[in-house]
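Supplied in structure tokens, the structure appears directly below.
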Amino acid sequence: MISHIVPISALLAGVALLLLGNGLLGTLLAVRGGLEGYSAPVLGLIGSGYFAGYLVGTAVAPPLIRRIGHIRAFAFFAAATAATALLHGLLVSAPTWIALRILAGTSLVSLYMIIESWLNSQAERSQRGKIFALYMVVNLGALALAQQLLRLDSPAGFTLFAIAALFICLATMPVAATRLAQPVATAPGQFSIKRLWREVPVAAAGSLLSGLTMGAFWGMGPVYAARIGLDGNGVALFMSACIVGGALLQWPLGAFSDSRDRRSALAVAALLAAVAALPLLAGDRLGMWTVAAIALYGGMAFAIYPMSVAHLVDHLGAEDIVGGSSMLLLLHGIGAAIGPVLAGAMMAPLGARALAIHFALAQLLLALIAWLATRRGAEQIAEPAHFVPMLRTTPTVLEIMPTPEDFTPAAHGGDPATTGVQVVATTTDDEGTGSPVDEANAAGAEHRGGEPPSSGNGTDGAAPRRNA
């Protein structure tokens with residue numbers, strides 16, 4: 001495994017540094033905005049600007065990446081992201097911050113695309129599950145650690161903005177120094193949102209509502225923590241606790257979803273997330289127990305999107321996975337862009353507790369949708385997917401993950417070590433995005449050694465995987 005990590009270590013170092021800077025900036029803006037006296041709806045708009053930029057970036061970045069190449073495009077977008085970090089500290093104005101967050105979201109999704117297409121080009125079929133798992137660990141670890149950087153200085157000053165920009169600038173160094181060949185940029189297969197809603201409505205609802213809650217968490221979570229009386233260190237701990245809880249509980253929830261009807265597992269996870277959100281209604285009365293409450297909520301909420309992805313892959317053939325996942329990512333992005341605005345609007349009359357109400361209502365709606373779907377009867381699935389912990393990034397990362405046929409040898413006595421982490425489908429970050437990704441449809445394995453795709457794609461000879 002080490003022989004596979006060393007060549008991509010520059011890419012992993014680059015993304016870790018990038019997320020240290022960007023993770024700090026997102027939380028810093030929410031806290032600093034509160035200190036500047038911005039209202040909850042305005043802070044919601046600032047939070048939504050980032051996710052709106054994310055959607056813009058998936059459309060505008062690929063042509064530029066194809067035109068100037070991956071290394072120069074990475075430097076270009078990293079410079080833009082670092083500049084926005086500094087400008088936030090220099091130009092303290094709500095309208096300016098909204099515009100800068102749109103630019104930051106556009107730049108960051110472009111950087112994700114570049115890193116993930118590079119990782120994909122380096123991932124051999126037998127190792128892609130391990131590489132994907134390592135990439136997700138780096139993502140979650142960097143985001144959790146980034147929150148603690150808030151402790152370094154007062155959010156009222158300029159220093160933290162400079163630190164965020166510094167990490168983003170440093171991210172260009174390992175990437176620019178890499179000797180890896182640049183990947184070929186192509187476009188993913190086509191898939192429509194209408195078809196997604198028709199064929200896998202629970203996955204579509206799960207992705208949209210997960211975006212609604214996760215966008216609200218990233219945009220308004222620090223606002224909630226500050227308004228219930230937590231200081232800067234408390235806000236950092238609050239945010240990190242949710243991320244760590246989300247990382248730890250994805251594994252048991254994923255195993256649970258693999259063992260039964262995925263719709264019922266989604267219903268249970270969403271219901272538990274709604275229940276876990278209720279203690280947050282107590283606000284400052286919980287004191288530091290708020291940290292435990294948000295960790296439990298994050299453990300449930302972070303699992304919703306990857307469970308939705310697994311449900312999607314349960315139902316799609318290999319040739320449709322990338323296109324379908326792109327649409328799932330688009331829905332997640334739309335929800336994430338709406339979430340902070342909606343939560344901010346609710347917090348204006350109801351106070352900080354409105355964020356908990358937002359979480360609970362969205363999760364209860366998903367639980368109801370998923371439960372009603374199980375009443376229609378058992379699912380018919382030929383090749384069940386395997387859950388894998390993940391964050392929403394871009395559709396490009398989907399190509400790193402093993403597909404169901406990769407697990408067939410292990411199921412017949414093969415060496416499970418060669419299959420890596422049990423995986424599903426994926427991502428985002430996650431959506432009709434024309435991102436620079438090597439096509440992984442019917443010929444998705446060709447660029448990984450010329451292995452033909454398995455015929456077991458869930459379209460022929462379907463048999464029940466599980467009962468509802």
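Among the candidates 350, 342, 365, which residue alone is within 26 Å of residue 147 (Cα to Cα) and out of contact with any Phe, Trp or Tyr (no Cβ under 8 Å at 6 or more places or on another chain)? Talk me through it step by step, then tell me what you get.
Numbers: 350 fails: within 26 Å of residue 147 (Cα to Cα); 365 fails: within 26 Å of residue 147 (Cα to Cα).
The conditions single out 342.
Going by the conditions given, is residue 57 surrounded by 24 or more Cβ atoms within 10 Å (Cβ to Cβ) and closer than 20 Å to residue 119 by Cα?
Values: surrounded by 24 or more Cβ atoms within 10 Å (Cβ to Cβ): yes; closer than 20 Å to residue 119 by Cα: yes.
Yes.
Looking at the range 298-317, is at least one residue surrounded by fewer than 24 Cβ atoms within 10 Å (Cβ to Cβ), among the aromatic types (Phe, Trp, Tyr) and out of contact with any Phe, Trp or Tyr (no Cβ under 6 Å at 6 or more places or on another chain)?
No: the range 298-317 contains no residue that is surrounded by fewer than 24 Cβ atoms within 10 Å (Cβ to Cβ), among the aromatic types (Phe, Trp, Tyr) and out of contact with any Phe, Trp or Tyr (no Cβ under 6 Å at 6 or more places or on another chain).
Among (1) buried (at least 24 other Cβ atoms within 10 Å of the Cβ); (2) more than 25 Å from residue 154 (Cα to Cα), where does residue 81 come up short?
Condition (2) is where residue 81 drops out.
Buried (at least 18 other Cβ atoms within 10 Å of the Cβ), part of a helix (DSSP H, G or I) and either more than 17 Å from the chain's Cα centre (by Cα) or modelled with pLDDT under 75 (or both) - does that describe any residue in the range 183-190?
No: zero hits.
Among the residues that make up the range 292-301, is at least one of them more than 16 Å from the chain's Cα centre (by Cα) and either at pLDDT below 90 or over 27 Å from residue 137 (Cβ atoms) (or both)?
No, the range 292-301 has no match at all.
Give the residue, chosen from 270, 241, that is over 28 Å from residue 149 (Cα atoms), among the aliphatic types (A, V, I, L, M), surrounded by 19 or more Cβ atoms within 10 Å (Cβ to Cβ) and within 19 Å of the chain's Cα centre (by Cα).
Details: 241 fails: over 28 Å from residue 149 (Cα atoms).
Every option except 270 fails the conditions.
The values are calculated or read from the model by the stated rules, or taken from the named source; none is laboratory data. Because the structure is a prediction, the values reported are computed rather than measured. Every residue, glycine among them, receives a Cβ derived from its backbone with ideal geometry; neighbour counts consider all protein chains shown.
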